[in-house]
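The values are calculated or read from the model by the stated rules, or taken from the named source; none is laboratory data. Given the structure is predicted, the values throughout are model-derived calculations rather than measurements. Note that each Cβ is placed from the backbone with ideal geometry, even for glycine, and that neighbours are counted across all protein chains shown.
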2 protein chains.
Amino acid sequence: MKPFFQVTDLKDVLAMVEEVLPTDSEPKPLGSTLGRVLAEPITAQEDVPPFARATMDGFAVAAASTFGASEANPAYLNVTGRIAMGEVPVKAVGPGEAMKISTGGMLPPGADAVAMVEHAAILDDTTIEVYRSVAPGQHVICAGEDLCRGETLIAAGRRLRPQDAGLMASLGITRVRVHRRPRVGIISTGDEIVPAEAKPGPGQIRDVNTHTLADLVRQAGAIPAKYGLVGDDLQRLKAVCRQAAAENDMVLISGGSSLGMRDFTVEALAELPDSRIRVHGITISPGKPTILAQSGAKLVWGLPGHVTSAMVVFTAVVRPFLDRLSGLTAEARRPPVMARLTRNLESAAGRVDFVRVRLGQGADGEILAEPILGKSGLIRTMVQADGLIAVDMNTEGLEKGDPVAVALF
Amino acid sequence: MKPFFQVTDLKDVLAMVEEVLPTDSEPKPLGSTLGRVLAEPITAQEDVPPFARATMDGFAVAAASTFGASEANPAYLNVTGRIAMGEVPVKAVGPGEAMKISTGGMLPPGADAVAMVEHAAILDDTTIEVYRSVAPGQHVICAGEDLCRGETLIAAGRRLRPQDAGLMASLGITRVRVHRRPRVGIISTGDEIVPAEAKPGPGQIRDVNTHTLADLVRQAGAIPAKYGLVGDDLQRLKAVCRQAAAENDMVLISGGSSLGMRDFTVEALAELPDSRIRVHGITISPGKPTILAQSGAKLVWGLPGHVTSAMVVFTAVVRPFLDRLSGLTAEARRPPVMARLTRNLESAAGRVDFVRVRLGQGADGEILAEPILGKSGLIRTMVQADGLIAVDMNTEGLEKGDPVAVALF
């Protein structure tokens with residue numbers, strides 16, 4: 001048996017993620033930040049709320065006026081007025097006094113708590129009974145209690161979520177710097193491949209990888225740029241690779257799963273400007289014949305041609321590099337879905353096996369991961385699957401009931 | 001204690017999801033289907049692959065020619081030619097014969113398996129030794145083995161993923177019908193609220209809910225339409241609600257958390273065309289004062305004004321309605337993330353408590369859910385949180401170590 005290439009351990013490939021530099025940044029207005037990766041920390045420029053606010057409908061009081069109050073022994077308070085929403089109360093609330101207030105209203109001087117309307121009875125226009133004691137600060141958000149001026153609230157490198165837009169709005173931050181979405185060039189190779197729109201002749205099949213990879217790139221928050229199909233024409237492959245590397249932050253070449261095509265791809269990659277072949281085979285299955293070249297600072301991947309292998313390699317190997325390129329910090333990546341395996345899985349030692357799984361729900365609400373078995377060329381297995389699990393290279397397999405981490409597609 | 005409204009059990013509210021009709025459909029080309037909800041099943045119009053293909057580099061053979069082959073006793077085969085990629089082989093492979101083939105190549109007549117190049121030795125130009133027996137079908141995908149003509153491969157009501165685009169491409173389906181993305185009108189109310197761009201005066205705070213809800217709507221795959229701020233002006237609120245209900249598939253009104261504003265909202269909702277108030281308070285916390293009105297077939301929600309409550313109600317209550325409106329079937333919704341609770345949680349009986357949690361990783365790779373406690377008005381708690389867990393109304397709480405289902409924000 002002759003070795004075709006010197007394979008690299010998956011962990012050594014993934015360690016190269018650290019070398020990747022994130023894209024530069026651009027300003028984006030509030031309303032177009034969802035899913036974008038923050039390039040600068042968000043810091044509170046002021047206190048939020050800027051004043052003490054009621055969090056319940058009721059009566060603004062000095063908490064001490066209610067101490068000891070109970071159903072049997074209510075506190076009797078003098079109602080001296082009503083605070084309208086958006087109004088700045090100037091009259092202070094003294095001991096034994098109360099002012100009617102709505103949720104969100106500004107606390108008057110002298111008040112440090114709100115007695116809920118549900119715990120009070122109105123006796124007449126100016127008198128209430130309060131049945132429960134309130135503590136200082138109860139049903140109130142104090143000035144600066146939510147966000148404190150100068151505090152860093154969201155670290156750079158996080159993908160912005162809806163609540164982060166809310167935070168920005170609350171601080172009056174209507175523009176932030178986010179990382180530019182990486183552009184990823186996609187090239188399909190292989191003489192037997194025709195475009196999806198074409199009717200394949202005998203011996204031909206349609207290009208699947210361009211479409212799967214483009215959507216995987218979109219799903220990662222990046223922008224795919226399609227360079228179409230290249231047949232077994234080395235000069236053309238070199239030219240397209242060079243153009244794609246020049247125009248994008250990363251390039252994915254799929255196909256070339258046949259030995260001849262793989263050699264072509266390696267040759268084309270080796271001749272890119274300032275090129276180094278970093279990886280020529282990885283200890284994974286499927287996806288062993290994956291190639292990683294570096295042209296200057298840009299990464300160019302040679303992915304397997306099998307549609308399922310290409311997708312597995314993208315998810316398990318390329319995605320961490322793309323996330324880093326997008327500016328995401330390691331901590332900011334979404335956790336996998338934890339599930340329980342529904343059957344034993346055997347695995348060969350010496351490589352990481354990626355197994356497609358379908359998620360289901362167990363009787364007790366537990367999430368189950370059911371392995372989808374099948375030849376790696378079958379698209380069906382990908383469509384049936386929700387994600388991938390890894391069977392580590394140092395284990396002989398996993399057992400039914402084992403907890404597994406599922407990376408969703 | 002006087003009841004403010006007749007609250008509805010959460011499960012009864014969620015049962016109303018069944019009444020929601022999905023949006024109509026529109027055709028979309030391959031390349032713009034990611035995340036869209038399929039409105040028609042995808043059916044194979046042809047067999048995939050259309051011919052038997054090699055899945056390894058090697059030699060196309062009749063499997064029987066290799067039966068019994070081993071290192072000690074190899075099979076000697078006559079190499080009669082080489083199949084190029086995309087070529088239709090016409091010459092048959094007879095017993096004792098082999099043709100060189102690459103991964104993806106079309107099997108010649110007479111061949112039903114591929115002997116891997118790793119398990120063969122080339123003796124001369126026309127002779128090889130094969131060291132291992134191959135079974136019929138081994139290293140081959142047969143015609144129609146992946147996708148079978150007439151078979152339904154993706155059911156309507158599923159959100160399209162990258163692999164689904166791959167499936168479409170493999171079948172030459174370059175256009176599918178997907179549900180129109182629902183439009184959701186967003187209105188913020190409250191006299192104390194100013195736009196995010198404005199500098200709040202004393203007693204005023206910035207509008208947060210418009211921005212949080214707009215991004216939550218986007219995250220759900222729908223299109224937000226912002227109608228801005230409405231103060232305590234009933235006529236204007238009625239007019240804006242009517243316009244938003246006319247122009248959108250669903251409307252979210254936030255704010256009105258004060259009793260007066262809530263009354264305003266209910267009044268405005270009650271006067272929409274063909275209006276019914278369906279829900280006036282839900283047995284949940286936070287979010288009890290949620291209102292659901294129906295104007296014709298359109299749902300109009302009155303959400304609490306507290307920024308965290310509005311977000312919780314959207315995630316736990318509104319989102320299932322929006323998913324249904326988007327055309328998603330119940331089975332097609334993403335499963336929650338399962339995690340283990342890091343501390344005991346007390347809960348009041350008689351209501352479903354939603355608790356914000358931050359996800360973390362335990363020593364053994366297990367996902368941990370750490371409750372974020374804090375007043376429901378605090379934006380900070382939302383920014384710290386990754387999702388929500390529900391503490392059921394019939395339990396008194398959850399214990400440290402309990403498995404919990406986390407709905408991610």
Would you be able to say whether some residue in the stretch B:346-369 is in contact with a Gly (Cβ under 8 Å, 6 or more places away or on another chain), over 28 Å from A:Glu151 (Cβ atoms) and part of a strand (DSSP E or B)?
-> yes
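Here's the yes/no breakdown for (1) within 14 Å of chain A (Cβ to nearest Cβ); (2) in contact with a Gly (Cβ under 9 Å, 6 or more places away or on another chain); (3) at pLDDT 95 or above:
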residue	(1), (2), (3)
B:Pro22	no, yes, yes
B:Asp47	yes, yes, no
B:Ala72	no, no, no
B:Thr126	no, no, no
Just one of A:Val317, A:Val337, A:Val313, A:Val279 is without any contact (Cβ under 8 Å) to a residue 40 or more places away in the chain and either within 27 Å of A:Lys400 (Cα to Cα) or out of contact with any Pro (no Cβ under 6 Å at 6 or more places or on another chain) (or both); which is it?
-> A:Val313
Kindly indicate whether A:Lys2 is of a type outside the set (Ser, Thr, Tyr) and at pLDDT below 95.
-> yes
How many residues, within the stretch A:40-50, are of a type in the set (Val, Ile, Thr) and surrounded by 19 or more Cβ atoms within 10 Å (Cβ to Cβ)?
-> 2
Residue in the stretch B:285-298 that is among the hydroxyl-bearing types (Ser, Thr, Tyr), surrounded by fewer than 22 Cβ atoms within 10 Å (Cβ to Cβ) and under 18 Å from B:Phe409 (Cα atoms) present = yes
Specify which of the listed residues (A:Ala156, A:Ala220) is under 26 Å from B:Val208 (Cα atoms) and not assigned by TED's automatic domain parsing to the domain that holds A:Ile379.
-> A:Ala156
Sort through B:Arg278, B:Arg242 and tell me the only one that's under 27 Å from B:Ala332 (Cβ atoms), surrounded by fewer than 19 Cβ atoms within 10 Å (Cβ to Cβ) and among the charged types (D, E, K, R).
-> B:Arg278
Consider A:Arg132 against the criteria (1) assigned to a loop (DSSP other than H, G, I, E, B); (2) out of contact with any His (no Cβ under 7 Å at 6 or more places or on another chain); (3) of a type in the set (D, E, K, R): it satisfies all of them except one. Which criterion is unmet?
-> (2)
Being more than 19 Å from B:Phe51 (Cα to Cα) and part of a loop (DSSP other than H, G, I, E, B) is the filter here, so list the residues in the stretch A:164-206 that pass it.
-> A:Gly172, A:Ile173, A:Thr174, A:Arg180, A:Arg181, A:Pro182
Taking the stated definitions as given, is A:Ala310 of a type in the set (Gly, Ala, Ser), at pLDDT 90 or above, within 30 Å of A:Arg158 (Cβ to Cβ) and crowded, with 23+ Cβ neighbours inside 10 Å?
-> yes
Quick one: would you say A:Ala196 is within 9 Å of another protein chain (Cβ to nearest Cβ), free of Cβ contacts under 8 Å to residues at least 24 places away in the same chain and among the hydrophobic types (A, V, I, L, M, F, W, C)?
-> yes
Among residues of the stretch B:303-328 being farther than 18 Å from B:Phe354 by Cβ and in contact with a strand residue (DSSP E or B) (Cβ under 9 Å, 6 or more places away or on another chain), the residue nearest to the other protein chains (Cβ to nearest Cβ) is B:Leu328
Out of the residues in the stretch A:286-302 that are out of contact with any Gly (no Cβ under 8 Å at 6 or more places or on another chain) and not in a loop (DSSP other than H, G, I, E, B), state the one that is nearest to the other protein chains (Cβ to nearest Cβ).
-> A:Trp301
Residue by residue through the stretch B:370-397, note down the ones that are in a loop (DSSP other than H, G, I, E, B), more than 8 Å from chain A (Cβ to nearest Cβ) and among the polar types (S, T, N, Q).
-> B:Asn394, B:Thr395
How many of the residues in the stretch B:74-124 are away from chain A (no Cβ under 13 Å), over 27 Å from A:Gln204 (Cα atoms) and among the hydrophobic types (A, V, I, L, M, F, W, C)?
-> 3
